[in-house]
Amino acid sequence: MTEIQQDSDLISVTIDGQEVKVKSGEVLIDACEEAGVDIPRFCYHKRMSQVGMCRMCIVEVDTGRGPSLQPSCMMDVSEGMVIDTQSEEIKKIQDGVLEFLLINHPLDCPVCDKGGECPLQDQTMAYGPGETRFVEEKRHFEKPIPINDNVYLDRERCILCDRCTRFADEVVGDPLIQFIDRGNSTQVNTFPEDPFASYFSGNIVQLCPVGALTAKPYRFKARPWDLEEIESTYPNPLGDRIVVQSSRDQVLRLQGLDSEAVNWGWLSDKDRFSFEAFQSEYRLDNPLVRGGGLNKADKSGTGLVASSWAGAMSIITESLNGADPDRVAVIGGARLTNESQYAWAKLAKGIIGTDHVSADLGDDLQPHVLLGLPRATISEACQPNNTIVLLTPDLKEEYGTLFIRLRDAAKNLGVKIIELSPMRTALSADAAVSLHPLPGEIGNVVQAITTGDIPREIGGISGEDLSLAHSHLKDTNVFVIVSRSSMGQSEEPIIEALTSLQEVDNCRFLPLVRRANTMGALDMGMAPGLLPGRNTLSSGSSVFSDIWPNLPTESGANTKQILQKAADGDIDTLFLLGADPLTDFPDKALAKAALERTNTIISVDLFVTPSVYESDVVLPAASFLEADGSHTNVEGRITPIRQKITPPGTARPDWMIAAEISHRLGHDLGVDTPEDIWEELGSRSAVHGDLDYRKLDHLPDGHLITATGRIPFIPAEERIETRPVDSYAMRLILGRRMFDQGTVTQMSPSLTQLAEKSELRINQYDFERLGIIEGAQVEVSSGGASISISVKVDNRVRRSSALIYSNLEGADPRELLIEGAHSIDIRIDPTVKESA
Amino acid sequence: MSRLNEENLRIARQILSRYPKKKSALIPLLHLSQEQNGMVTNEAMEHIAELVEVTPAEVLGTCSFYEMFKRHPVGEYQINICHGISCHLLGAEDVLEHAEKSLGVKEGEITQDGKFSFEGVECIAACTEAPCLQVNYRYVNRVSSDEFDQLVTDLKNGQNTQIPKHGTLAKTRQNIQSEKLAGPAEVESASPPVWLQRNKEDQ
Ligand code: SF4
Ligand code: FES
Ligand code: FES
């Protein structure tokens, strides 16, 4: 929980005889810690509310009326306070508290995962009794019971500190674990048959001060003293800070790192447990080529076979030597580190000489939106009394830790959230106003809200609600968080909305991207027309031309245009850098046609995705656990990614692959280490100039890139008229789930079972109106296409709209998309098909 | 089946309407469901969770805190024998021992005919009348072993009409006329209670 710092004045208190200055209003336990006096604790956690459950933090406090014993986590400091943390009384109390806590504790440390990093064990050693006087029978419970697919609970070890239950309730709003029963029988548990189905369940394992909660992926794998660790960054759009822990060259656990600016120590389960994927047997560990036998490249062969790097490289050089740069293209790159992105941008644009380089996959905001709007950080947006406008889908699904930050802001900081999402989300209950414009109509809704020019209603949203939202924009700082909320809606309505919001005084923006390091990719020039450091091809060529000898002169194609060209037979060589257009690009048919017609497809990836499977040369890359570099998050925050283990087989860092190809083309890329890149870039990119790469590890909040305005936002010109949904149709929303068919989920044994099957979700009202049977297979059509899919009631979806989550097993909703349409109306044929 | 039946659902809605926060109706609804089924079943807790918009785990957390809510079957007459300090001093352990012998079941078990179950409970706030007990929450004061047996016989033979069977719907329901409701007439105009503000639940 964030403390609202109303009075940042310093006051003086005396701690163990030393007079120190501390922040007024601070919690005593924190003040002591800042003064260098460590107070033992179990229940207190500075990111959650104070409950005073364990009494381990008791100190003697004298506020002028003589010393009294107080739990230091439940008391704020005040002027002149005298605190004694070391007195004989305190020692006795600590000893006593521990003796009580241990009464029912099974002391099975030798077989407990926590042993070695257990606060209960450590504090008993430091402050506790050597012997117990308790000769009675301890409490007994069935030893560990699973509370969900990945977390086990051993109630005998639990000391009832309320951390896990508080986290579930306060931090993420999933109160599915509770204290059950009372007194001596109190236990943490779920409701029978109702598991702790939280996207954030791994955090409670990290939080638990004893070994009561353990995570399946780590159980009995290592002892804490065998682990080596390094601070790094998880390459997701938010750049959540992590600690990577490994033993014998194997990563065994990822833990959240408490970074004030970003994730506050929390991680989503998808990220936390995904380390399994990167070490799975499915990782690519050697180059593959389409051909007949080992090292015998044969492009006309049918299957992919193992090859040497030399064999694979020779196919690549053959296809590139003397090639027309206009017939070479690169798609992807968001997975890469900043350094690898620079290397690839330089190879593609500076050496090969093509500007057809694009990191997006047609499902993200365009570069001018991502770079052109005045940008805000998460912490700037989450300040008391701000208003945050959300033009996003359910953040809990895709941006877990941002969801946690915003939930905290709304609940504890008085931040007003105006939610404009296509359906109810996990934040709706905490939003000041939660409106659900139909896809395609967001531009009109936002215009009404920003101008105060309120019609009677817009697509089912009442004028009253619009006025309420309008009132929250006045006399406050407005922050807008925006993303492509639904693939069922084109980008134009969002740009229209952003154009209106731009007019609001002091409005700042936090545009979200779908893939890991898309922001880095843009800053490193992996978009058509861009060069590193937010230079454009037209204005920045001179900055780079001496070291990027073959820079193209004309701006190139974006992903959609590249695929179009390829499908027309105008691309000979296509690089896929961790990109899987067959799965991700909205127009699947176009992606398919493009891959079919391209002569040589070279994939650089970690796994065999559907698109990799169609490639001619596959190069194995090192993951973020296996290579050094840095990451740029959606705020523009650069944080380090640090190598912890060696890559599998002969896999290499992506930048090394670029350097190798360049070398074979007869050019020295000039990059031998990631540092080299910053040296080269530092002198040429005004945006990155003040970044000291060597210091990056020591900056707790990383390095923030602040430059905006170099790439201007292009406002919308036309207004999109609202379009009523006729009574036989439904407006389509395409959402995303945290767990889907994506490679990371599918390759992590602990996560695969969490992905559901594809379903059509509609409101109870529409469900009854159409007379559908729950779970029945129906025919859904739009344009000429149709898919067969089962139906489920979901009252988060508003009337007249229908939700399908993308990339789940079963029907592929991309079939329903219509090229160029701002929104999609589908028809449902409720007749049950025999085949279902 | 053990969700609230239609009639009780109507009563539940009425109870819900009394509170500005649905969550406040949790305990009254638990009582209602215990009246219906003689115990609080898992299905009932799930139903109540839907009604007051919390998770079933939260309902269970509250329900299991209070001993008066039974989550396992009990006899038609549930006898709570107090063994708080006063009752203890005045012979509660004897009453308990006697109950076990005369009913022929252990604490927490149900007699063969399904009529009786008993358990020892903490102080029931009738210390002046110790040793005392409750049958289906109706007080019986200063009980001797003989009186205990008499009570059991009377209940068995239907001679005690004062005490209804466990799980019978209460005859009287709280029915507060709107003008007699405590607090401001308009819920919206009232400032939220202090505990809500503190827990930041009202935003
Ligand atoms: S399981 Fe762990 S975190 Fe949860 S209450 Fe028990 S000791 Fe605390
Ligand atoms: S840390 Fe203060 S009571 Fe637990
Ligand atoms: S001790 Fe039995 S009523 Fe108080």
Exercise for review: State all residues of region A:158-176 that are more than 12 Å from ligand 1 (Cβ to nearest atom) and touching a residue at least 24 places away in the same chain (Cβ under 8 Å); if no residue qualifies, say none.
Suggested key: A:E170, A:V171, A:V172, A:G173, A:D174
Revision key, fill the gap. By my count, strands (runs of 3 or more DSSP E) wholly in region A:2-73 with at least 2 residues that are open to solvent by 30 Å² or more (accessible area, probe 1.4 Å) and touching a residue at least 24 places away in the same chain (Cβ under 8 Å) are A:67-71
Review point. With (1) of a type in the set (V, I, T); (2) open to solvent by less than 30 Å² (accessible area, probe 1.4 Å); (3) away from chain A (no Cβ under 14 Å) as the list, and B:I85 as the residue in question, which single condition is left unmet?
Key: (2)
**Study point:** Residue that is nearest to the other protein chains (Cβ to nearest Cβ) [pool: residues in region A:191-201 that are open to solvent by less than 30 Å² (accessible area, probe 1.4 Å) and closer than 13 Å to A:Y152 by Cα]
**Key:** A:F196
Practice item. Out of B:E122, B:E129, report the one residue that is within 14 Å of chain A (Cβ to nearest Cβ), within 16 Å of ligand 3 (Cβ to nearest atom) and not aromatic (F, W, Y). Key: B:E122
Check your understanding: Among the residues of region A:261-268, is there at least one that is more than 14 Å from every other protein chain (Cβ to nearest Cβ), of a type in the set (S, T, Y) and more than 16 Å from ligand 3 (Cβ to nearest atom)?
Key -> yes
Practice item. Sort through A:D394, A:D408 and tell me the only one that's charged (D, E, K, R), open to solvent by 10 Å² or more (accessible area, probe 1.4 Å), within 17 Å of A:S801 (Cα to Cα) and in contact (Cβ under 8 Å) with a residue 60 or more places away in the chain. Key: A:D394
Exercise for review: Take region A:128-163 and flag every residue that is crowded, with 17+ Cβ neighbours inside 10 Å and over 26 Å from A:S750 (Cβ atoms).
Suggested key: A:G128, A:I159, A:L160, A:D162
Review point. Quick one: is A:G183 within 14 Å of another protein chain (Cβ to nearest Cβ) and at pLDDT below 95?
Key: yes
Exercise for review: Hey, can you tell me all the residues within region A:55-105 that are away from ligand 2 (no atom under 12 Å from the Cβ) and in contact with a Lys or Arg (Cβ under 6 Å, 6 or more places away or on another chain)?
Suggested key: A:N104
Check your understanding: Does A:V188 fit the bill of being within 11 Å of chain B (Cβ to nearest Cβ), touching a residue at least 12 places away in the same chain (Cβ under 8 Å), buried (at least 21 other Cβ atoms within 10 Å of the Cβ) and within 25 Å of A:D122 (Cβ to Cβ)?
Key -> yes
Practice item. Name the residue, out of A:K588, A:K560, A:K592, A:K565, that is in contact with a helix residue (DSSP H, G or I) (Cβ under 6 Å, 6 or more places away or on another chain), open to solvent by 10 Å² or more (accessible area, probe 1.4 Å) and basic (K, R). Key: A:K588
Check your understanding: Out of region B:61-77, which residues are at the interface with chain A (Cβ under 9 Å from one of its Cβ atoms) and over 25 Å from A:N148 (Cα atoms)?
Key -> B:Y66, B:E67
Exercise for review: Consider A:R41 carefully, then state whether it is within 16 Å of ligand 1 (Cβ to nearest atom) and more than 30 Å from A:K138 (Cβ to Cβ).
Suggested key: no
Review point. Of all strands (runs of 3 or more DSSP E) completely enclosed by region A:744-814, which ones contain at least 1 residues that are more than 24 Å from A:Y199 (Cβ to Cβ) and open to solvent by 10 Å² or more (accessible area, probe 1.4 Å)?
Key: A:777-782, A:785-793
**Study point:** A:D726 in a loop (DSSP other than H, G, I, E, B) and either in contact with a Phe, Trp or Tyr (Cβ under 6 Å, 6 or more places away or on another chain) or surrounded by 12 or more Cβ atoms within 10 Å (Cβ to Cβ) (or both)
**Key:** no
Exercise for review: Looking for whichever is away from chain A (no Cβ under 14 Å), open to solvent by 20 Å² or more (accessible area, probe 1.4 Å), assigned to a helix (DSSP H, G or I) and without any contact (Cβ under 8 Å) to a residue 40 or more places away in the chain here; the options are B:E93, B:E50, B:E107, B:E58. Which one fits?
Suggested key: B:E93
Point to revise | A:R223 being among the basic types (K, R), buried (at least 19 other Cβ atoms within 10 Å of the Cβ) and either in contact (Cβ under 8 Å) with a residue 40 or more places away in the chain or more than 14 Å from chain B (Cβ to nearest Cβ) (or both) | key: no
Check your understanding: Taking region A:235-244 on its own, how many of its residues are touching a residue at least 40 places away in the same chain (Cβ under 8 Å) and either farther than 21 Å from A:N150 by Cβ or outside any loop (DSSP other than H, G, I, E, B) (or both)?
Key -> 6
Exercise for review: Kindly establish whether A:R155 is touching a residue at least 12 places away in the same chain (Cβ under 8 Å) and away from ligand 1 (no atom under 15 Å from the Cβ).
Suggested key: no
Practice item. Looking for whichever is open to solvent by less than 20 Å² (accessible area, probe 1.4 Å), assigned to a strand (DSSP E or B) and hydrophobic (A, V, I, L, M, F, W, C) here; the options are B:F118, B:F69. Which one fits? Key: B:F118
Check your understanding: Given the residues B:E129, B:E109, B:E119, B:E147, which is the only one that is farther than 21 Å from B:P164 by Cα and more than 16 Å from ligand 2 (Cβ to nearest atom)?
Key -> B:E129
Review point. Taking into account only those residues within region B:132-171 that are aliphatic (A, V, I, L, M) and within 16 Å of ligand 3 (Cβ to nearest atom), which is nearest to the other protein chains (Cβ to nearest Cβ)?
Key: B:L133
**Study point:** Unmet criterion (only one of (1) open to solvent by 10 Å² or more (accessible area, probe 1.4 Å); (2) at pLDDT below 95) for A:L373
**Key:** (1)
Revision key, fill the gap. Apart from one, (1) touching a helix residue (DSSP H, G or I) at 6+ places or on another chain (Cβ under 7 Å); (2) surrounded by fewer than 23 Cβ atoms within 10 Å (Cβ to Cβ); (3) modelled with pLDDT of 95 or more all hold for A:L254; the odd one out is (2)
**Study point:** Among the residues listed as B:L4, B:L26, B:L16, B:L9, the single one being away from chain A (no Cβ under 14 Å) and more than 30 Å from B:K115 (Cβ to Cβ)
**Key:** B:L16
Study note, to complete from the structure: Of the conditions (1) assigned to a helix (DSSP H, G or I); (2) more than 12 Å from chain A (Cβ to nearest Cβ); (3) crowded, with 20+ Cβ neighbours inside 10 Å, the single one that B:V40 does not satisfy is (1)
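The values are calculated or read from the model by the stated rules, or taken from the named source; none is laboratory data. These numbers come from a predicted model, not from an experiment. As a convention, Cβ positions derive from the backbone with ideal geometry for all residues, glycine included, and neighbour counts pool all protein chains shown. Note: areas computed on protein heavy atoms with side chains; ligands, DNA, RNA excluded. Shrake-Rupley method; radii C 1.70, N 1.55, O 1.52, S 1.80 Å.
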